[in-house]
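Peer 1: Okay, handing you the structure first.
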Amino acid sequence: MKIKVDLTREKFDDINGVDFYDGKTLFFDIPTTLPKDLEIMVWGASLMPEFDWSSYVNLEKDTRLREIIDRSKSIAVQIQGFGKLRLEGLVGGNIEVSPLDMTVKEDYTYFRDRQGQILSFRREWGMESVDSACYEYGFDSKVAFPFGHCDLNLYAKGNVVFEFDTDDCVHYHDYVLNPNRDETYFGFVKRQELASNTFKDFKI
(Lines give C-alpha, C1' and ligand atoms only; values in the text may rest on other atoms or scores of the structure.)
Protein backbone atom coordinates (compact mmCIF):
# COMPACT_ATOMS: atom_id res chain seq x y z
CA MET A 1 0.00 0.00 0.00
CA LYS A 2 1.43 3.37 -1.02
CA ILE A 3 1.10 6.22 1.43
CA LYS A 4 2.15 9.88 1.38
CA VAL A 5 3.57 11.53 4.49
CA ASP A 6 3.53 15.32 4.83
CA LEU A 7 6.99 16.38 6.05
CA THR A 8 6.56 20.11 5.49
CA ARG A 9 8.66 22.00 8.05
CA GLU A 10 9.72 18.74 9.72
CA LYS A 11 13.19 17.68 10.78
CA PHE A 12 14.28 14.45 9.11
CA ASP A 13 15.57 12.85 12.31
CA ASP A 14 12.67 13.57 14.68
CA ILE A 15 11.56 10.58 16.74
CA ASN A 16 8.08 10.74 15.17
CA GLY A 17 9.12 11.36 11.57
CA VAL A 18 11.07 9.88 8.66
CA ASP A 19 14.83 9.44 8.80
CA PHE A 20 16.94 10.17 5.69
CA TYR A 21 20.26 10.18 7.53
CA ASP A 22 23.17 7.76 7.93
CA GLY A 23 23.20 4.91 5.42
CA LYS A 24 20.36 6.09 3.19
CA THR A 25 21.09 6.49 -0.51
CA LEU A 26 19.81 9.41 -2.60
CA PHE A 27 19.19 8.95 -6.32
CA PHE A 28 18.99 12.24 -8.22
CA ASP A 29 20.95 14.21 -10.80
CA ILE A 30 22.75 17.06 -9.06
CA PRO A 31 21.51 20.10 -11.03
CA THR A 32 23.54 23.04 -12.24
CA THR A 33 20.55 25.31 -11.60
CA LEU A 34 18.25 24.46 -8.70
CA PRO A 35 14.71 23.78 -9.96
CA LYS A 36 11.64 25.18 -8.22
CA ASP A 37 10.52 21.64 -7.36
CA LEU A 38 12.73 18.58 -6.91
CA GLU A 39 12.05 14.85 -6.60
CA ILE A 40 14.62 12.59 -4.96
CA MET A 41 14.38 8.80 -4.92
CA VAL A 42 15.59 7.53 -1.55
CA TRP A 43 16.66 3.96 -0.90
CA GLY A 44 16.43 2.69 2.67
CA ALA A 45 14.62 5.47 4.55
CA SER A 46 13.43 4.71 8.09
CA LEU A 47 10.17 5.36 9.92
CA MET A 48 11.09 6.53 13.42
CA PRO A 49 9.83 4.76 16.58
CA GLU A 50 7.00 7.21 17.32
CA PHE A 51 5.77 7.56 13.73
CA ASP A 52 1.95 7.78 13.75
CA TRP A 53 0.99 4.81 11.56
CA SER A 54 -2.68 5.12 12.47
CA SER A 55 -2.96 8.29 10.38
CA TYR A 56 -2.16 6.32 7.22
CA VAL A 57 -2.78 2.60 7.69
CA ASN A 58 -5.43 0.40 9.27
CA LEU A 59 -3.14 -1.86 11.28
CA GLU A 60 -6.02 -4.15 12.20
CA LYS A 61 -6.19 -5.18 8.55
CA ASP A 62 -2.48 -5.02 7.72
CA THR A 63 -1.31 -7.70 10.14
CA ARG A 64 2.13 -8.07 8.51
CA LEU A 65 2.96 -4.39 9.08
CA ARG A 66 1.46 -4.44 12.58
CA GLU A 67 3.72 -7.35 13.53
CA ILE A 68 6.80 -5.48 12.25
CA ILE A 69 5.85 -2.36 14.22
CA ASP A 70 5.16 -4.40 17.38
CA ARG A 71 8.55 -6.07 17.07
CA SER A 72 10.32 -2.77 16.47
CA LYS A 73 9.23 -0.97 19.68
CA SER A 74 12.01 1.57 20.30
CA ILE A 75 13.79 1.19 16.95
CA ALA A 76 12.95 2.39 13.45
CA VAL A 77 11.00 0.44 10.85
CA GLN A 78 13.13 0.14 7.73
CA ILE A 79 11.99 0.67 4.15
CA GLN A 80 13.81 -1.98 2.11
CA GLY A 81 13.03 -0.25 -1.14
CA PHE A 82 12.59 3.15 -2.74
CA GLY A 83 10.57 6.08 -1.53
CA LYS A 84 10.00 9.35 -3.37
CA LEU A 85 10.66 12.66 -1.65
CA ARG A 86 9.23 15.76 -3.31
CA LEU A 87 10.28 19.25 -2.22
CA GLU A 88 8.38 22.25 -3.59
CA GLY A 89 9.18 25.94 -3.62
CA LEU A 90 12.95 25.58 -3.41
CA VAL A 91 14.84 28.82 -2.91
CA GLY A 92 18.45 27.78 -2.38
CA GLY A 93 20.78 25.13 -1.12
CA ASN A 94 24.22 23.61 -1.09
CA ILE A 95 25.76 20.18 -1.48
CA GLU A 96 29.12 18.57 -0.76
CA VAL A 97 29.90 15.12 -2.12
CA SER A 98 32.94 13.10 -1.06
CA PRO A 99 33.27 10.14 -3.47
CA LEU A 100 33.96 6.67 -2.09
CA ASP A 101 36.03 3.95 -3.71
CA MET A 102 33.67 1.01 -4.29
CA THR A 103 36.26 -1.43 -5.61
CA VAL A 104 36.91 -3.02 -2.21
CA LYS A 105 33.74 -4.71 -1.05
CA GLU A 106 32.49 -3.72 2.43
CA ASP A 107 35.56 -1.53 2.93
CA TYR A 108 34.75 1.70 1.15
CA THR A 109 37.39 4.41 1.46
CA TYR A 110 37.39 8.06 0.44
CA PHE A 111 39.38 9.26 -2.54
CA ARG A 112 42.12 11.70 -1.48
CA ASP A 113 44.10 14.46 -3.15
CA ARG A 114 47.90 14.68 -3.34
CA GLN A 115 48.04 16.26 0.10
CA GLY A 116 46.11 13.34 1.59
CA GLN A 117 42.93 15.35 2.15
CA ILE A 118 39.54 13.79 1.39
CA LEU A 119 38.46 14.81 -2.09
CA SER A 120 35.11 16.58 -2.22
CA PHE A 121 32.96 18.48 -4.69
CA ARG A 122 30.76 21.40 -3.69
CA ARG A 123 27.92 23.26 -5.31
CA GLU A 124 25.73 26.09 -4.06
CA TRP A 125 22.42 27.44 -5.33
CA GLY A 126 20.81 30.81 -4.60
CA MET A 127 21.87 31.10 -0.96
CA GLU A 128 21.59 34.88 -1.22
CA SER A 129 17.82 34.44 -1.64
CA VAL A 130 17.33 32.33 1.49
CA ASP A 131 15.37 34.23 4.15
CA SER A 132 13.45 33.60 7.37
CA ALA A 133 10.42 32.32 5.43
CA CYS A 134 12.44 29.34 4.20
CA TYR A 135 12.76 26.06 6.05
CA GLU A 136 16.00 24.08 6.01
CA TYR A 137 15.91 20.39 5.10
CA GLY A 138 19.19 18.60 5.75
CA PHE A 139 20.54 15.26 4.53
CA ASP A 140 23.61 13.45 5.82
CA SER A 141 23.42 10.43 3.54
CA LYS A 142 24.99 8.74 0.55
CA VAL A 143 24.41 9.72 -3.04
CA ALA A 144 24.25 7.08 -5.78
CA PHE A 145 26.34 8.85 -8.40
CA PRO A 146 29.06 9.81 -7.94
CA PHE A 147 28.78 7.30 -5.11
CA GLY A 148 29.87 8.87 -1.87
CA HIS A 149 28.98 10.73 1.28
CA CYS A 150 26.52 13.53 0.65
CA ASP A 151 25.92 16.58 2.85
CA LEU A 152 22.89 18.26 1.29
CA ASN A 153 20.95 21.26 2.58
CA LEU A 154 17.87 22.57 0.78
CA TYR A 155 15.84 25.66 1.69
CA ALA A 156 12.20 25.67 0.66
CA LYS A 157 8.96 27.57 1.23
CA GLY A 158 6.61 24.96 -0.21
CA ASN A 159 5.33 21.51 0.68
CA VAL A 160 7.51 18.47 1.29
CA VAL A 161 5.94 15.03 0.81
CA PHE A 162 7.41 11.54 1.09
CA GLU A 163 5.72 8.61 -0.67
CA PHE A 164 6.57 4.97 -0.04
CA ASP A 165 5.08 1.48 -0.21
CA THR A 166 4.31 -0.22 3.11
CA ASP A 167 5.01 -3.57 1.40
CA ASP A 168 8.70 -2.56 1.51
CA CYS A 169 8.70 -2.12 5.29
CA VAL A 170 10.79 -4.59 7.28
CA HIS A 171 12.16 -4.87 10.80
CA TYR A 172 15.47 -3.02 11.07
CA HIS A 173 17.38 -6.12 12.17
CA ASP A 174 16.01 -8.10 9.22
CA TYR A 175 17.30 -5.34 6.97
CA VAL A 176 20.85 -5.13 8.31
CA LEU A 177 21.20 -8.90 8.63
CA ASN A 178 19.83 -9.64 5.15
CA PRO A 179 22.35 -12.04 3.52
CA ASN A 180 21.51 -10.50 0.14
CA ARG A 181 22.06 -6.95 1.35
CA ASP A 182 24.63 -6.35 -1.38
CA GLU A 183 21.82 -6.70 -3.90
CA THR A 184 19.04 -5.00 -1.98
CA TYR A 185 20.87 -2.12 -0.32
CA PHE A 186 21.40 -0.07 -3.44
CA GLY A 187 18.19 -1.16 -5.04
CA PHE A 188 19.71 -1.67 -8.47
CA VAL A 189 17.82 -4.90 -9.01
CA LYS A 190 14.40 -3.25 -8.77
CA ARG A 191 15.13 0.10 -10.39
CA GLN A 192 17.82 -0.34 -13.01
CA GLU A 193 16.74 2.86 -14.77
CA LEU A 194 18.09 4.85 -11.82
CA ALA A 195 21.55 3.30 -11.94
CA SER A 196 24.39 4.05 -14.30
CA ASN A 197 25.96 1.13 -16.17
CA THR A 198 29.19 2.26 -14.55
CA PHE A 199 28.17 0.40 -11.41
CA LYS A 200 28.58 -2.90 -13.25
CA ASP A 201 32.33 -2.34 -13.04
CA PHE A 202 32.30 -2.34 -9.24
CA LYS A 203 32.08 -5.15 -6.73
CA ILE A 204 28.98 -4.15 -4.80
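The values are calculated or read from the model by the stated rules, or taken from the named source; none is laboratory data. Quick caveat, the model's predicted, so the values are computed rather than measured. When we count neighbours, we look across all protein chains shown, and the Cβ atoms used for this are built from the backbone with ideal geometry, even at glycine. All accessible areas refer to the heavy atoms of the entire protein, side chains included, with ligands and DNA or RNA removed. Shrake-Rupley method; radii C 1.70, N 1.55, O 1.52, S 1.80 Å.
Peer 1: Taking into account only those residues within segment 122-145 that are assigned to a loop (DSSP other than H, G, I, E, B) and closer than 13 Å to L100 by Cα, which is least open to solvent (accessible area, probe 1.4 Å)?
Peer 2: Going through segment 122-145, the residues assigned to a loop (DSSP other than H, G, I, E, B) turn out to be 126, 130-134, 144-145.
From what's left, closer than 13 Å to L100 by Cα: 144-145.
Details: A144: 7, F145: 116 Å².
Selected residue: A144.
Peer 1: A further question on this structure: When the residues of segment 70-86 are narrowed to those that are out of contact with any helix residue (DSSP H, G or I) (no Cβ under 8 Å at 6 or more places or on another chain) and not small (G, A, S), which ends up most open to solvent (accessible area, probe 1.4 Å)?
Peer 2: If we take residues in segment 70-86 being out of contact with any helix residue (DSSP H, G or I) (no Cβ under 8 Å at 6 or more places or on another chain) and not small (G, A, S), then K73 is most open to solvent (accessible area, probe 1.4 Å).
Peer 1: List the residue pairs whose Cβ atoms are under 9 Å apart, where the first residue sits in segment 45-64 and is farther than 14 Å from V170 by Cα, the second is at pLDDT below 90 and of a type in the set (V, I, T), and the two are 6 or more positions apart or on different chains.
Peer 2: Taking only residues 6 or more apart or on different chains, the pairs are E50/I15; F51/I15.
Peer 1: Being in contact with a helix residue (DSSP H, G or I) (Cβ under 8 Å, 6 or more places away or on another chain) and open to solvent by 70 Å² or more (accessible area, probe 1.4 Å) narrows it down to one of E67, E50, E60, so name that one.
Peer 2: The match here is E60.
Peer 1: Test T8 against the stated conditions and say whether it is open to solvent by 80 Å² or more (accessible area, probe 1.4 Å) and β-branched (V, I, T).
Peer 2: No; evaluated as a whole, the condition is false for this residue.
Peer 1: To continue, here is another question. Taking the options G126, G81, G116, name whichever one is of a type outside the set (A, V, I, L, M, F, W, C) and within 18 Å of F28 (Cα to Cα).
Peer 2: Result: G81 is the single residue among G126, G81, G116 that is of a type outside the set (A, V, I, L, M, F, W, C) and within 18 Å of F28 (Cα to Cα).
Peer 1: Sticking with this structure for a sec: Name the one entry in T33, T8, T63 that is farther than 30 Å from G126 by Cβ, among the hydroxyl-bearing types (S, T, Y) and at pLDDT 90 or above.
Peer 2: One residue alone meets the criteria, T63.
Peer 1: When both residues are 6+ apart or on different chains and their Cβ atoms are under 9 Å apart, which pairs have a first residue that lies in segment 30-44 and is in contact (Cβ under 8 Å) with a residue 40 or more places away in the chain, and a second that is charged (D, E, K, R) and open to solvent by less than 20 Å² (accessible area, probe 1.4 Å)?
Peer 2: V42/K24; W43/K24; G44/K24
Peer 1: So, in segment 87-121, of the ones that are without any contact (Cβ under 8 Å) to a residue 12 or more places away in the chain and not charged (D, E, K, R), which residue ends up most open to solvent (accessible area, probe 1.4 Å)?
Peer 2: That would be Q115.
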